[in-house]
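Taken together, the values in this text are just the output of simple stated rules run on the coordinates, not laboratory data. The structure presented is a predicted model; accordingly, all values stated were derived computationally and were not measured. Reconstructed Cβ throughout: ideal geometry from the backbone, glycine too, with neighbour counts over all protein chains shown.
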There are 2 protein chains.
Amino acid sequence: MTDFAGIAKQFVAHYYTTFDTDRKNLAGLYRENSMLTFESSQSLGAAGITEKLVSLPFQKVKHEYGEPDAQPTANGGIIILVTGHLVVDDESRPLAYSQSFQLCQDATGNWFVYNDIFKLVLL
Amino acid sequence: MTDFAGIAKQFVAHYYTTFDTDRKNLAGLYRENSMLTFESSQSLGAAGITEKLVSLPFQKVKHEYGEPDAQPTANGGIIILVTGHLVVDDESRPLAYSQSFQLCQDATGNWFVYNDIFKLVLL
């Protein structure tokens, strides 16, 4: 049986480390049919999603998050929910967010992000 | 093409209205293979999930939430992310939460909840 919780945890750590270090490198985690909904704005495909993420109006970003929750999905994927905070640039006030992913495996067995929905949580 | 955004919006309204009115009636939205992760505690199947939801330690509950975000999934399902607040019993302080669903269709075409992950957002 797939260790979906372990894969989810490893993916989330890799995703946010990459995001906070050099977010253009997230491109490798998406495919041509991947979808991103970022604050209700939609992007499609690795190139479009990377362009969106790179264009976000901050230079420095740091995500802090709790243990991700994960479940297997009907088609052999993994659904993940993460909640956390992010701090951008020199803002002192962290922003609460939640993000849901569905990971799928490509033909060579590599996991990639098929669905990605990000939303700030208003307090 | 499936109107996934419309189905998501209609589902979310129905789900929270039912939850806030008489949550044992949520049973009809789950199937035998449905999964719930509620604050990292896992339940499986319509009966187990309903038992968990009914046993939550509050009598009155009211969910307030924003427009849900939705995407189609690889197997014809719909992934949904909702963020909002809930107020329980006579608490005056709302609790921020996020919840991610994957809806799938059963053999007769009815949508049901395959994946359900609920998490309070710590502020």
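Table for the structure above
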item	result
Subset tally (residues that are among the aliphatic types (A, V, I, L, M), under 24 Å from B:Arg31 (Cβ atoms) and within 16 Å of the chain's Cα centre (by Cα)) for the stretch B:88-123	3
Residue list for the stretch A:49-58, restricted to those being surrounded by 16 or more Cβ atoms within 10 Å (Cβ to Cβ) and either touching an Asp or Glu at 6+ places or on another chain (Cβ under 6 Å) or within 14 Å of another protein chain (Cβ to nearest Cβ) (or both)	A:Ile49
Residue ID - farthest from A:Ala70 (Cα to Cα), chosen from residues in the stretch B:99-123 that are within 8 Å of chain A (Cβ to nearest Cβ) and not in a strand (DSSP E or B)	B:Leu123
For A:Leu81: the one exception among (1) closer than 20 Å to B:Gln102 by Cβ; (2) crowded, with 16+ Cβ neighbours inside 10 Å; (3) out of contact with any strand residue (DSSP E or B) (no Cβ under 8 Å at 6 or more places or on another chain)	(3)
Any pair with Cβ under 9 angstrom, 6 or more apart, that starts in the stretch B:105-123 at a residue that is within 14 Å of B:Ser34 (Cα to Cα) and ends at one that is among the basic types (Lys, Arg)	B:Asp106/B:Arg31; B:Phe112/B:Arg31; B:Val113/B:Arg31; B:Tyr114/B:Arg31
Whichever residue in the stretch B:85-98 is surrounded by 17 or more Cβ atoms within 10 Å (Cβ to Cβ) and either hydrophobic (A, V, I, L, M, F, W, C) or more than 14 Å from A:Tyr97 (Cβ to Cβ) (or both) and, among such residues, is nearest to the other protein chains (Cβ to nearest Cβ)	B:Ala96
Filtered residue count, the stretch B:1-26, keeping only those that are aliphatic (A, V, I, L, M) and surrounded by fewer than 16 Cβ atoms within 10 Å (Cβ to Cβ)	2
Cβ pairs under 6 Å, 6+ apart, first in the stretch A:5-24 and of a type in the set (Val, Ile, Thr), second assigned to a helix (DSSP H, G or I)	A:Thr18/A:Asn25; A:Thr18/A:Leu26
Pairs with Cβ under 8 Å, 6+ apart, first in the stretch B:59-79 and in contact (Cβ under 8 Å) with a residue 60 or more places away in the chain and more than 7 Å from every other protein chain (Cβ to nearest Cβ), second surrounded by 16 or more Cβ atoms within 10 Å (Cβ to Cβ) and of a type in the set (Gly, Ala, Ser)	B:Pro68/B:Ala8; B:Ala70/B:Ala5; B:Ala70/B:Ala8; B:Ile78/B:Ala8; B:Ile78/B:Ala70
